[in-house]
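Structure first, then comments.
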Amino acid sequence: TVLSEKPTTFTITVTSEAGENDETVQTTLKFTYREKYPDETPLYEIVSQENLDDNDVMDIIKLLEQQVRKMECLGTASLHTLAGITLSNQLFPEVSATD
């Protein structure tokens, strides 16, 4: 969901398939392009989550930070990579993403 255009800010929501007890796990990532984007990585944060404890959220943030440090090519592809990190996290064994 696009939140603003100056600066460009949007969210991506990642949701798991129903697991035990028909519960889903969900998190919403908020991305904001910096002034020098794509030469600088976007700012990102987790703005909401369901059925995740604080340790799970910290694990996702650590994974995102590790990936940002490894990125050689920034831009739109980097956002897909960051969302993919969340998607591939063991907290989300079967997920769908919406924007």
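Testing the spin-label approximation: label points 7 Å from Cα along Cα→Cβ at Asn55 and Lys6. State their distance in nm.
4.6
When the chain is fully extended, how far beyond the present Cα-Cα distance does Gln66 get from Glu20, taking 0.36 nm per residue of separation?
Length gained between Gln66 and Glu20: 13.6 nm.
Each reported figure results from applying straightforward, stated rules to the coordinates on display, with no laboratory input. Since this is a predicted model, take the numbers as computed values, not measurements. For neighbour counting, all protein chains shown are included, and Cβ atoms are generated from backbone atoms with ideal geometry for every residue, glycine included.
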